[in-house]
Amino acid sequence: MISQRTIFEPEHEQFRNSVRRFMQNEIAPFADKWREQGYVDPEAYQKTGELGYLLTWADEAYGGSGIKDLRYEQIIHEENIYHGDPSFYQNLHAMVVAPYFDKFGSEAQKQKYLPKAVSGESIFAIAMTEPNAGSDLAAIRTKAEDKGDHWVLNGAKTYISNGILADVVIVAARTSSDDPRSIGLLIVEKGMEGFNRGKKLKKMGLHGQDTAELFFDNVRIPKDNVLSDPSKGFYYMTQCLAIERLQVAIGSITAAQLAFDITLDYIKERRAFGKPLGALQHIRFTMADLRAQIDAVQCFIDQCVMLGNKGELTAQLASEAKLLATQTEGEVVDKCLQFHGGAGYMDEYRISRLYTDARVSRIFAGANEIMLEIIGRGLGLDERKLT
């Protein structure tokens, strides 16, 4: 990790040391097993929850620490990527899905769902993406029909992270046939009749992360299982996407840093033409360039975290962070793998797994092409307004 980061106080560094030991002792040793079986053991969430490392922001009334400082969640995410395992999606659970309950849930919903999320007894997922609707949320076809005292949910979702393990899934569904932006966020629970999961999907990377298809066949959803206004889910999702994209940025730049560190050690030891690889000008200059890129993007992401703490992180800035961090991750892992030579192509080397894991970063949480569109519109370059 870069040495001169200015946003952390001594208490943050003490917290980091504790989280690091936990990730090294309780997460990393199981990574190979999880990749083989295709999912993380649910006990990992419970162990994390026991130490208070899940939903640190949740109020004490729900079992949390009530810490509203995003730096603590940033530290947990960084240490998991660097010293744990990236397939352990604790940040999806804690920082992408759970905040929907905090922001839009009723008191009864918070009391019902948050305590078990804090303890790790209940694992969260969110289902937006469909076979024909990815980054374009307005194209969602999954429907929820209002039956008076309940809703009936029909449709399918795909590429859902935590899809196999999830006990609770927030499902985005159209609630009006007339308005494509009339979307409700329905809380679907494990065991509900008509709620079925497809097989775990095989992926290029992140082999320990359970990604699945979800199917809803006339699932009866109680009215109490809808987050706030059933027509404003589109607005709610856009409110939460900035922090989600910041989470991706945090993970991506940490993975880039890890790839850099692994490679720096490797090129100091590996020899060619009678001297270490790192003594070759091309390799030395490339590593220098990557160092500068990582440092610059890390500083920007840290600034975004501080803006998030003040409630000032905009959709445009979050999109910039996600765009830059994932592009940097892609370039770093590619060049670092190249410097490993044939060894870099072997799965036993961590750089190989970093390479395949990284490719999805430019796709999920909104493809990078969508990030460019958001940033461009933020500059006033919106074709809907310019034509």
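Filter the stretch 366-387 down to the residues that are over 30 Å from ILE160 (Cβ atoms) and either touching a His at 6+ places or on another chain (Cβ under 9 Å) or not β-branched (Val, Ile, Thr) (or both) and list them by number.
LEU379, GLY380, LEU381, ASP382, GLU383, ARG384, LYS385, LEU386
Please determine, by comparing only the residues of the stretch 197-217 that are touching a residue at least 12 places away in the same chain (Cβ under 8 Å) and exposed (fewer than 15 other Cβ atoms within 10 Å of the Cβ), which one is farthest from PHE101 (Cα to Cα).
First, the residues of the stretch 197-217 that are touching a residue at least 12 places away in the same chain (Cβ under 8 Å): 197-201, 203-217.
Next cut, exposed (fewer than 15 other Cβ atoms within 10 Å of the Cβ) only: 199, 204, 217.
Working: LYS199: 28, MET204: 32, ASP217: 25 Å.
Step by step, filter the stretch 197-217, then rank; the result is MET204.
Restricting to the stretch 47-86, give me the number of residues that are closer than 24 Å to ILE351 by Cα and assigned to a loop (DSSP other than H, G, I, E, B).
The number of residues fulfilling the criteria is 3.
Run down VAL219, VAL248, VAL171 and say which single residue is among the β-branched types (Val, Ile, Thr) and over 30 Å from ILE375 (Cβ atoms). Even if it seems obvious, please write down each step before you answer.
Values: VAL248 fails: over 30 Å from ILE375 (Cβ atoms); VAL171 fails: over 30 Å from ILE375 (Cβ atoms).
The match here is VAL219.
Out of (1) within 24 Å of VAL96 (Cβ to Cβ); (2) open to solvent by 40 Å² or more (accessible area, probe 1.4 Å), the odd one out for SER361 is which?
(2)
Of LEU246, LEU264, LEU241, which residue is at pLDDT below 95, assigned to a helix (DSSP H, G or I), touching a Gly at 6+ places or on another chain (Cβ under 8 Å) and not small (Gly, Ala, Ser)? Give the steps one after another, and end with the answer.
Values: LEU246 fails: at pLDDT below 95; LEU264 fails: at pLDDT below 95.
Only one candidate passes the filter, namely LEU241.
Yes/no matrix, rows are residues, columns are (1) in contact (Cβ under 8 Å) with a residue 60 or more places away in the chain; (2) open to solvent by less than 40 Å² (accessible area, probe 1.4 Å):
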site: VAL219; (1), (2): yes, yes
site: PRO222; (1), (2): yes, no
site: GLU244; (1), (2): yes, yes
site: LYS275; (1), (2): no, no
site: ALA288; (1), (2): no, no
site: GLU312; (1), (2): no, no
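From the residues in the stretch 368-378 that are surrounded by fewer than 16 Cβ atoms within 10 Å (Cβ to Cβ) and either without any contact (Cβ under 8 Å) to a residue 40 or more places away in the chain or under 20 Å from the mean Cα position of the chain (by Cα) (or both), which one is nearest to PRO86 (Cα to Cα)?
Looking at the filtered set, the residue picked out is GLU369.
Can you spot a residue in the stretch 81-91 that is closer than 30 Å to ASP302 by Cβ and either touching a Pro at 6+ places or on another chain (Cβ under 7 Å) or of a type in the set (A, V, I, L, M) (or both)?
yes
Provide a single number: the residues in the stretch 34-46 that are outside any loop (DSSP other than H, G, I, E, B) and crowded, with 17+ Cβ neighbours inside 10 Å.
Taking the stretch 34-46 as the starting set, the residues that turn out to be outside any loop (DSSP other than H, G, I, E, B) are 34-37, 43-46.
Imposing the further condition that a residue be crowded, with 17+ Cβ neighbours inside 10 Å reduces the set to 34-35, 44-45.
Final tally of qualifying residues: 4.
Output the number of residues of the stretch 1-33 satisfying the condition of being outside any helix (DSSP H, G or I), free of Cβ contacts under 8 Å to residues at least 40 places away in the same chain and polar (S, T, N, Q).
Of the residues in the stretch 1-33, 2 are outside any helix (DSSP H, G or I), free of Cβ contacts under 8 Å to residues at least 40 places away in the same chain and polar (S, T, N, Q).
Would you point out which residue out of ALA94, ALA125 is closer than 16 Å to GLN247 by Cβ, in contact with a Leu (Cβ under 9 Å, 6 or more places away or on another chain) and not in a helix (DSSP H, G or I)?
Values: ALA94 fails: not in a helix (DSSP H, G or I).
Just a single option satisfies the conditions, and that option is ALA125.
Every residue in the stretch 140-157 that is open to solvent by 10 Å² or more (accessible area, probe 1.4 Å) and not in a loop (DSSP other than H, G, I, E, B), please.
Answer for the stretch 140-157, where residues must be open to solvent by 10 Å² or more (accessible area, probe 1.4 Å) and not in a loop (DSSP other than H, G, I, E, B): LYS143, GLU145, ASP146, HIS150, TRP151, VAL152, ASN154, GLY155, ALA156.
Which members of the stretch 171-194 meet the condition of being open to solvent by 70 Å² or more (accessible area, probe 1.4 Å) and under 27 Å from the mean Cα position of the chain (by Cα)?
Selection gives ARG181, LYS190, GLY191.
Tell me the residue from ALA279, ALA256 that is over 26 Å from ILE363 (Cβ atoms) and of a type outside the set (Phe, Trp, Tyr), please.
ALA279
Kindly provide the set of residues from the stretch 321-358 that are under 20 Å from the mean Cα position of the chain (by Cα), free of Cβ contacts under 8 Å to residues at least 60 places away in the same chain and open to solvent by less than 50 Å² (accessible area, probe 1.4 Å), ordered by number.
LEU323, GLY330
Inspect the stretch 18-27 for any residue being among the polar types (S, T, N, Q) and surrounded by 18 or more Cβ atoms within 10 Å (Cβ to Cβ) and give the result as yes or no.
Looking through the stretch 18-27, none of the residues is among the polar types (S, T, N, Q) and surrounded by 18 or more Cβ atoms within 10 Å (Cβ to Cβ).
The values are calculated or read from the model by the stated rules, or taken from the named source; none is laboratory data. Just so it is clear, the model here is predicted, and its values are computed rather than measured. For neighbour counting, all protein chains shown are included, and Cβ atoms are generated from backbone atoms with ideal geometry for every residue, glycine included. Accessible surface areas use protein heavy atoms only, side chains included; no ligands, DNA or RNA. Shrake-Rupley method; radii C 1.70, N 1.55, O 1.52, S 1.80 Å.
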